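The values are calculated or read from the model by the stated rules, or taken from the named source; none is laboratory data. Predicted model, so just to flag it, every value in this text is computed and none were measured. Because the Cβ atoms are built from the backbone with ideal geometry, glycine has one as well, and the counts that use them run over all protein chains shown. SASA here: full protein model, heavy atoms, side chains in, ligands and nucleic acids out. Shrake-Rupley method; radii C 1.70, N 1.55, O 1.52, S 1.80 Å.
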Number of protein chains: 4
Amino acid sequence: VCDHVKGYGLTPHVMHGPGRCVVGVLGHEGRLSEAGFTNFEGVIEVVRVYSPYVLSSRETHPADTVVSLGDGVKFGASEVVVIAGPCSVESLEQAIAVARTVKAAGATVLRGGLFKPRTSPFSFQGLGEAGYDLMDEVRRETGLKFVTEALDERSLELAEARADIDRIGARNMQNFALLKKVGRCKKPVLLKRGFSATLDELLMAADYILAGGNYNVVLCERGIRTFTDHSRNTLDLSAVPMLKQLSHLPVIVDPSHATGKRKLVQPMALAAVAAGADGVMLEVHCSPAEALSDGEQALLPQDFESLVPRMAAVAQAVGRTLHTASPLNSGL
Amino acid sequence: VCDHVKGYGLTPHVMHGPGRCVVGVLGHEGRLSEAGFTNFEGVIEVVRVYSPYVLSSRETHPADTVVSLGDGVKFGASEVVVIAGPCSVESLEQAIAVARTVKAAGATVLRGGLFKPRTSPFSFQGLGEAGYDLMDEVRRETGLKFVTEALDERSLELAEARADIDRIGARNMQNFALLKKVGRCKKPVLLKRGFSATLDELLMAADYILAGGNYNVVLCERGIRTFTDHSRNTLDLSAVPMLKQLSHLPVIVDPSHATGKRKLVQPMALAAVAAGADGVMLEVHCSPAEALSDGEQALLPQDFESLVPRMAAVAQAVGRTLHTASPLNSGL
Amino acid sequence: VCDHVKGYGLTPHVMHGPGRCVVGVLGHEGRLSEAGFTNFEGVIEVVRVYSPYVLSSRETHPADTVVSLGDGVKFGASEVVVIAGPCSVESLEQAIAVARTVKAAGATVLRGGLFKPRTSPFSFQGLGEAGYDLMDEVRRETGLKFVTEALDERSLELAEARADIDRIGARNMQNFALLKKVGRCKKPVLLKRGFSATLDELLMAADYILAGGNYNVVLCERGIRTFTDHSRNTLDLSAVPMLKQLSHLPVIVDPSHATGKRKLVQPMALAAVAAGADGVMLEVHCSPAEALSDGEQALLPQDFESLVPRMAAVAQAVGRTLHTASPLNSGL
Amino acid sequence: VCDHVKGYGLTPHVMHGPGRCVVGVLGHEGRLSEAGFTNFEGVIEVVRVYSPYVLSSRETHPADTVVSLGDGVKFGASEVVVIAGPCSVESLEQAIAVARTVKAAGATVLRGGLFKPRTSPFSFQGLGEAGYDLMDEVRRETGLKFVTEALDERSLELAEARADIDRIGARNMQNFALLKKVGRCKKPVLLKRGFSATLDELLMAADYILAGGNYNVVLCERGIRTFTDHSRNTLDLSAVPMLKQLSHLPVIVDPSHATGKRKLVQPMALAAVAAGADGVMLEVHCSPAEALSDGEQALLPQDFESLVPRMAAVAQAVGRTLHTASPLNSGL
C-alpha cells in the first residue's frame, strides 16, 4: 500500500494500533480518488478526510461573497432579499398583477418561469421565448429584478441576455454540460440544490461555475427527498448555517417548492430567515386555483402581504434587516 | 369487489371513468386495512384517503390541548417553553452547575438522562436510579421542572414517581408495550418522533397513550434520517406546522439531537421558534469536551445565555412570548 | 488536541499536509466517542475509522457462526432455510392449514405472530398467550420449528419457554432494555434490522445480545425506509453480502414485509437466495383476502409451492442447497 | 368544489361518509394537477389515483417491447444480455484488452464512457470525441455492440452516429431538454433511473422519449440514494419486477454503480438475474487500481469470467437463458 501511495507522488503516514494499522495519506484529492485502495489485500476501508470542493470553499476564500443585482439588491450582505412571483408566467395580465402585488408588499426580485422543466411531457411547458417580451414590460413598469430558469443552451442565452439572474433548477444541478456554459456567463446565477444532493455535491456543482470564471453564485436550499409524505420535500434548513460555514457563497431558501403546501410556506419562510438565510424565494399567485403549475403551494396576495412584515421582524430579531424597495407599511 | 366491501358492512361507491373504474369505500379504517383489496383480479391499486389516527386528530378534538407541568409551565398555550440541560446526568456537581446556569438564562424545565439508550452496549448507560437522588436535590435548589427518559417498566415507574414529565425516546416511539404502560401513567409525556417515522405513525403512537387515558402528550420533532451527511439527522421543521394542523397536541423541537453539531443548534433553535414550536429542548453542558455522551452537540453556558434572548425576540416577532421564570436580562 | 488525546491514555499521530494537519488517534472506540474533538478551535472535522461493534465483528471472530434449531435446521451452514407461515396466527384451523401447506412444499420452520406490534392501537394485536396452545398442537402434528416475536418481558418469557427461536422485530431493534433480556435467554434469536438502521447499528444491537452470553443470533434484512413508494420498504439485498463480510453471524431475508406486495415477493425471494442469504422468511396465508393483518403481501399456497423449487434451483446455481424436510417434488 | 370540477369539463362523484365527504374526480390527469383543490375551504387532502405516465404504461401497451441492437442482441425477450466494460475508455490498449476479455467470457455489449459526468470539475472528464476512433477499432475487432453516455447535444449526436445504443445517465434522467432530443433519435436508448427518482418519474422521463417517436427505450435500475452507508447507493431490485408490471419496456440492472464496491457486485449481479432483469451491466477493468474513474467497483477479468457462468445458471433456474455470442465454457 505504501509503495502504491508513493507511486502517486504522495507520502504515506503509517500508524500501528491495537488490531489494525492505519495509513494516512495527504495530498490533492484528484489523485487519490483514482487509486483504488479498497482492493488491496488486507485493506478494510478507505476514509476520506478532505473536502472535495475547492473554489466554493471558505478555506480557499474566507470572506463572504456578496452577489449584487444592481439597484442595491445584494445577496450575502446584511440584508435579506425577498424574491416572489408565480411559478410560471402565464400572461401579461397575470404577471403584471403579481408583480405589482409583490412589489407593494416589499419584494425586490420577481421570479417567474418561462421555460419549465416538467416531470411529464404532457404538462404545460411554459411560454418560452415569447414570455420575455411580457417580462420586459413588467420590469419596465415595476422596476423589479427578474430571475428565471435556464434549462439548456437556448434558454440560457436568453436568460443571460434578458434576465437579471439565471436560475439553474434542482433537476439540472448535476447537468455538468449546462454548468460549464453557465460558468462562461456574466450574469449572477442562482444554483438550486438537487433534491438528493449532499452539500459536498452542491459545492462541487458550484465549483463547475466558478471554475468557468463566474463567481456570482447564490446557492438555494429547496428541500430534499426523504421518506416523509406530509410535505413534497423536506426543507433542510440546517443546510443554511452549514453552507455558510463551509462556503463563502450566499444562501437563500425556497420554502414553496420544498413544502408544496401553502399552509406550510409561511412558517417555513419565517424559519428560513431565523436560520440565517440571505434571501427567501416565494411563489405568489393572484389566483392559485387556476395556476397552470404548482398552484397548491402559491401564496395568495394577502398571505404574502401579511408575511413580509413578520419576516422583517424575525430578520431584526436575529440581527439583520429585510431589504425592501420602500419602507414597509408596518404590520407589527 | 363490491360484494367484498359489503361483507365488511361498508358501502361501495362506484365511479366509471375513461379507462378505469374507481370504487370509493367509506367507513372505519380498522376494518378496511384488513380487507386486502389489492389481490382481487383487476384491482390496480388501493389508495387510502382517511387519516389512520383518531384520538390525537384535530378532526376528533378541534381545540388545542394544553399540557401543564404546574407553576405556570405550559405547553401548547401562547408561551414557548425552554427545556435545557445535559444529555446525561453525570454527577451532582455537573447537574447543579448546569441547572443554575440554564435557570439563570431563562429555562424553566431541566432535561437530563438517567437511563440512556446507547447504540453500543459498551457505551456509558447512565447513572440509573441513583441519579434521582441527585435530581431531587437539584430541583429543590433550583425549582426547575425535570424531564427524563423512560426506557422500560422500571425506569417508567421511577419517572412517573419522581420526574415532572416522562420522555419516550425516538427509538421507543414504536415500542408499543411501553406506550401502553405510558397510557396508564398520570404524568405528562414527551413523545419523540422516531427518526424514520411519518407524522401518521407518530400520531398513531400518540393514540396508544391517549387510548390508555393519558391525554397529556407533548410531541417532539428531533430530526429524521435522510441521505444527508452534514448533520446527524435532518431537522424536519415543517413537521411543526403540519402536526399543529393535523393534531391538537403541543409540539416542541430538539435541535441538539437533530443536528448533532453545536454550531447548527443555535440557528435551528431560532428557526424552530419561528416555525411555531411550543417549546425548544436544548443540550447545555458546562464542559462539553468532557461529557460522557453527545458532547459535540452541547451548547456552552455562554452560547445558551446569548441564545435565549434571541429566541425571545423571534417568539415576539411571530406573535408569541418566551416563557421564563423571571424577566430576561435583555440581550437585545 | 494532542494533549487532550493523551489525557485519554491514547497516542496521537500527527501528519502535516498541504493546507491541513491531520491527527490520527488509535485506541478503543468507547473512549474516543466521548472526547468531543469537534469543538476544539481549528478542528474542521472528526472522521471515525474503526468499526463500532465488537462481538459480532468478523475481525473478532473470523469463523462463520452456525445457529442450529435442532433436527438439522441450521442457519449459516451451506443449506438455505425456508421459514414460512402467516403474519398472525388467527385460529387453529388457519394455523394447521398453513403449516401443512408450507411443510409439504418444503419449509422447515413455521413463522406466526402471537403478539403483534401494530402501528395503530385499534388494529388486531394478536392472540397472545392463548395462541401458544394452538401452536403446540401445530408443531406436534407437523414437526415444524416455530419462530414468533417477543415484544416485552412477558412475551419474551413465553417465546423462550415455548418457541424454537425468538424474533425481535424491526421496531424493537434498538429497544435496548429488551435486547439485554434477550442476551440472557438461551434460545436462538432472530434479530430483524430496523427499517432505518445502518449495518453498524444492527451489529451493535447484536452486540447487546452477544454481550449477555447468547451467541445464537441470526440477522434478518427486511427492507429499509426510503423515498420510494412502489414497495412498502426497499429491500436492501446488498446488506446480505456486506453483513456476511463484516460479521460471522448468519443472515436471512424477509421479502414479504420488505415489499408489502405479493407480486414482488417471489422475485425478491429468488434474488435473496442468489445474493447469498442463509434463509428466506415468507408469509403464506391460505386466504389472504381475509387475513387479519398484512394480507396484501401473503403468498397463496400455490404461489409458495411453485416458488420453493425455483429457490432450490437458484440455490444450486450459486453453489448451495435448499434445506427441506423431505425431497422436493421437482418442479424443474 | 363540484362547480370547480365541472369547470374543467370533468364529472365529480360525491360520497358522503361518517365525518368526511369524499369527492371522486375522473378524467385526464393533465388537467387535474392544475386545479389546486387543496386550497378550497374545507378540503383536507387531495389523493391521486391515476398513473401519471401514459406511453410507457402497460395499460396503454400491454405487450412487452423488445429492443434489438442487431446481431441477435435483444432486450426484453427471453434472453438476458450481459453488458460489460470499463467505466471510462482510457486508451486503445485498455479498451481492446477489456473488450477481448469480456467477449471471451460471454458479454455481447461493451460499455465504456467517452464523455463522463463528474461530480467535481477537477476530475477526469473522459476522452471525448477522440475516443470514438478507438471504439471503432475495438468494435471492428471484437464485433461487440457499444453503449456510451450522451450528456448534451454534441455527445448525443456522436452517440447517435457512432454507438449502438445511447445511454442517458442517472443525473440527466430529468434533463428534459436532452430527453426531447433523444426522442428524435433513431438509436435505442438506455435510460438510467435517477438516484432519487420514483418509478413514476422514471416512466414519465421515458414518456418524453417515446413522445418524440423513439420507442426503443431500455430502463436501467442503478441504485437509489438512501440513508445507508455500506454501499454507494441502495440497489432497489424490487424495481425490476415492479417496472415490468407497470410498463412494457425492458429493464436492466447496473450493480457496479449501485454498490460501488467490487465485493458486492457479484452477488448483486446474480440477484438481478434472479429478480427477472433483462440484462446486467457490469464494470470490468483489467487494472482497476489504476482506473481513472470508479476503480473501486470494477471487476477483475477473472471475477467476471467466474461470474458469467453463475449468472447463466441463475438465469436457467428462473426459466431464462443468458445471451452469449458463443457457447460458454461451462463453469458449472
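Structure above, values below:
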quantity: Residues in region C:108-127 occluded by at least 50 Å² - accessible area, probe radius 1.4 Å, against chain by itself; calculated: C:T119, C:P121, C:F122
quantity: Burial of 50 Å² or greater, region A:222-260 residues [accessible area, probe 1.4 Å, versus chain by itself]; calculated: A:R225, A:F227, A:H230, A:S238, A:M242
quantity: Proximal charge balance of C:L151 [Cβ under 11 Å; K/R count +1, D/E count -1]; calculated: +2
quantity: Where rotation carries D onto A, the chain D residue whose Cβ is nearest that axis, in whole Å; calculated: D:S196, 2
quantity: Modelled FRET efficiency - R0 60 Å, A:D64 with D:A63, Cβ distances, 0.05 increments; calculated: 0.50
quantity: For region B:105-111, 3J(HN,Hα) per residue [Karplus equation, 6.51 cos²θ - 1.76 cosθ + 1.60, θ = phi - 60°, Hz, x = Gly/Pro]; calculated: 7, x, 5, 10, 10, 9, 9
quantity: Shortest-first nm distances, B:I96 label point to equivalent points in other copies (7 Å, Cα→Cβ); calculated: 7.0, 7.5, 8.4
quantity: Under-5 Å amide H pairs with C:F146, H placed in peptide plane, nonlocal only; calculated: C:L110, C:D164, C:I165
quantity: In sequence order, calculated HN-Hα J values of region A:258-273 (Karplus, 6.51, -1.76, 1.60; Hz; x Gly/Pro); calculated: 5, 8, x, 9, 3, 5, 8, 5, 5, x, 6, 5, 5, 5, 4, 5
quantity: Summed residue charge, Cβ within 10 Å of B:L282's Cβ, Lys/Arg positive, Asp/Glu negative; calculated: -2
quantity: C:E59 - accessible surface, heavy atoms, 1.4 Å probe, Å² rounded to 10; calculated: 100
quantity: Value of relative contact order over region B:170-251, rounded to a whole percent, pairs C-alpha under 8 Å and six or more apart; calculated: 29
quantity: Accessible carbon and sulfur surface of region A:43-126 relative to its total accessible area, %, 1.4 Å; calculated: 55
quantity: Rel. contact order, % - alpha carbon contacts under 8 angstrom, at least six apart, region B:134-202; calculated: 27
quantity: Cβ charges +1 (Lys, Arg) and -1 (Asp, Glu), total dipole of region D:194-322, debye; calculated: 300
quantity: Using a Förster distance of 51 Å, the FRET efficiency for D:S306-A:K186 (Cβ separation, nearest 0.05); calculated: 0.35
quantity: Accessible area in square angstrom per residue, region D:190-292, 1.4 angstrom probe; calculated: 17
quantity: Relative contact order of region C:237-290, pairs being alpha-carbon contacts under 8 Å that are 6 or more residues apart, as %; calculated: 42
quantity: Summed buried accessible surface, chains B and A, 1.4 Å probe, nearest 100 Å²; calculated: 2800
quantity: Residues whose placed amide H lies under 5 Å from that of A:V81, excluding near-sequence neighbours; calculated: A:G279, A:V280, A:H323
quantity: Positive minus negative residues near B:D164 (Lys, Arg vs Asp, Glu; Cβ under 10 Å); calculated: +2
quantity: Shortest-first distances to equivalent copies, position D:H61, nm, label 7 Å out along Cβ; calculated: 4.7, 5.4, 5.4
quantity: 24 Å Cα-Cα reach of C:K103 towards lysines, excluding residues that sit fewer than 8 places from it in its own chain; calculated: C:K74, C:K116, C:K145, C:K187, C:K192, C:K261, C:K263
quantity: Label point 7 Å beyond Cα along the C-beta direction, distances from D:R154 to other copies (nm, shortest first); calculated: 2.0, 7.1, 7.4
quantity: Whole-Hz couplings from phi, Karplus 6.51/-1.76/1.60, listed for region A:141-155; x for Gly and Pro; calculated: 6, 9, x, 6, 6, 10, 10, 8, 8, 10, 10, 7, 4, 5, 5
quantity: Under 5 Å, built H, 5+ apart or other chain: amide partners of C:L249; calculated: C:T65
quantity: Shape category assigned to region A:68-183 from the gyration tensor of Cα positions, a/c cut at 1.5; calculated: oblate
quantity: Carbon and sulfur %, accessible surface of region B:189-275 computed with the full protein complex present, 1.4 Å; calculated: 50
